[in-house]
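The values are calculated or read from the model by the stated rules, or taken from the named source; none is laboratory data. Keep in mind that what you see is a predicted model, and the values were worked out from it rather than measured. Because the Cβ atoms are built from the backbone with ideal geometry, glycine has one as well, and the counts that use them run over all protein chains shown.
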Amino acid sequence: MGILYDDVVIIRPPEKEGDPSVITVNCPDKTGLGCDLCRIILCFGLSIVKGDVSTDGKWCYVVFWVIGKPKTRWSLLKKRLIEVCPSCSSASGISYYRSDLQLPRPPDVFLLKFCCHDRKGLLHDVTEVLCEQELIIKKVKVSTTPDGKVMDLFFITDARELLHTKKRRDDTMEHLTAILGDAIITIDIELVGPEITACSQASSFLPTAITEDAFDLELSDSVRSGILSSDKVSITMDNLLSPAHTLVQIMCQDHKGLLYDIMRTLKDYNIQISYGRFSKKPRGKCEIDLFIMQADGKKIVDQSKQNSLASRLRMELLRPLRVAAVSKGPDTELLVANPVELSGKGRPLVFYDITLALKMLDTCIFLAAAAKLGGFLPFSLKDRVEK
């Protein structure tokens, strides 16, 4: 028996003010489904405070308790969650939810370019509008002229796949013009060809400042794993408790996108979760219990594989983003490495979070070049904040 379209994802509002909303997903299982669901929840700016996952290998039942924002678009969130669920079908004559079995074509890439007078927080304000409009930033090029004008280039794709229409473009430019106000000089959105898209791809090589930082973390992990395990992240694996699964127990401090970082790592390792439970404790502590198996349906008994998975999880939980500040004469360059799934999807809202942090710090950005697919976002900052 299949499942009706409206029952694939159910979102229940909080019973009283301050309580979390409850998202229930009931659909066929697939490796990486938890990652895909957590990614969308993170994209909508929601925080998961509790989670419960169970599956028999064919069908799964997932429940997330989330804290939302006042302006969260719950109906749109439900639609996006349904889109990543595997297709549901039935032999009966009832119409059930079915997804397109064809592989999706690469999304069209558009170039948003505008020139305006500079002001503090400008880059974040524009980024916020794009996120609200479900426009995904693939690459950014920002430059500031000596006379206080900025030329911003955003390579974007549209989650709604409507940016090719005049109405969608006009609506997007209207929202951007509203946030830019009198500072706007020119603004335009145009479709770019594959040759420009190919040239816009970022290099896969990370700067030395970033790679050395990651290496130092790995080294400290191996040398002082006891300290890291007890103070920040504790990861234990057990093959005795379950006859068919490896139990992974994680204790760590909470951070934005924590559950997504765990699920993304397991997805990259092609690990299947049969049962999992996530909960937040007092003082920002989190406990996660996961009963997992390999793609072949067996436990992880190889000690080297256990060590590799535990090391990768610890790395992602200790340092979800790789950040380094490099002095370049009178200026400072902020380097951020953004984790990318093997599928090529970057961590959601990284550019949004960075520009928000810099806006809150009242720090000027006069040059920026970000490429999500490359996982690398360099910013040139002014050392002295202008008042």
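Kindly indicate whether Asp289 is among the acidic types (Asp, Glu), within 19 Å of Arg347 (Cβ to Cβ) and within 25 Å of the chain's Cα centre (by Cα).
In short, no.
Give just the number: which of (1) part of a loop (DSSP other than H, G, I, E, B); (2) touching an Asp or Glu at 6+ places or on another chain (Cβ under 7 Å); (3) surrounded by 19 or more Cβ atoms within 10 Å (Cβ to Cβ) does Cys286 not satisfy?
(1)
Test Gly34 against the criterion of being in a strand (DSSP E or B), buried (at least 19 other Cβ atoms within 10 Å of the Cβ) and small (Gly, Ala, Ser), and give yes or no.
No; evaluated as a whole, the condition is false for this residue.
Between residues in segment 43-58 that are at positive phi and residues that are at pLDDT 95 or above and surrounded by fewer than 15 Cβ atoms within 10 Å (Cβ to Cβ), which pairs lie under 8 Å by C-beta distance while being six or more apart or on different chains?
Pairs that qualify, where the first residue is at positive phi and the partner is at pLDDT 95 or above and surrounded by fewer than 15 Cβ atoms within 10 Å (Cβ to Cβ): there are none.
Val53 is checked against (1) in contact with a Gly (Cβ under 7 Å, 6 or more places away or on another chain); (2) assigned to a loop (DSSP other than H, G, I, E, B) and fails just one. What number does that condition carry?
(2)
Quick check, is Leu153 surrounded by fewer than 17 Cβ atoms within 10 Å (Cβ to Cβ), free of Cβ contacts under 8 Å to residues at least 12 places away in the same chain and within 30 Å of Arg80 (Cβ to Cβ)?
Here the answer is no, as Leu153 does not meet what is asked.
If Leu266 meets every condition in (1) over 13 Å from Val248 (Cβ atoms); (2) in contact (Cβ under 8 Å) with a residue 12 or more places away in the chain apart from one, which number is that one?
With (1) over 13 Å from Val248 (Cβ atoms); (2) in contact (Cβ under 8 Å) with a residue 12 or more places away in the chain applied to Leu266, the lone miss is (1).
The rows are residues; the columns are (1) in contact with a Ser or Thr (Cβ under 7 Å, 6 or more places away or on another chain); (2) more than 18 Å from Thr31 (Cβ to Cβ).
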site: Ser274; (1), (2): yes, no
site: Ser279; (1), (2): no, yes
site: Lys285; (1), (2): no, yes
site: Ile292; (1), (2): yes, no
site: Asp302; (1), (2): no, yes
site: Lys305; (1), (2): no, no
site: Leu309; (1), (2): no, no
site: Pro320; (1), (2): no, yes
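Out of the strands (runs of 3 or more DSSP E) lying entirely within segment 324-387, which hold 2 or more residues that are over 19 Å from Leu153 (Cα atoms) and modelled with pLDDT of 80 or more?
331-337
Yes or no: Val140 buried (at least 21 other Cβ atoms within 10 Å of the Cβ), of a type outside the set (Asp, Glu) and not in a loop (DSSP other than H, G, I, E, B)?
When the stated conditions are applied, Val140 passes them.
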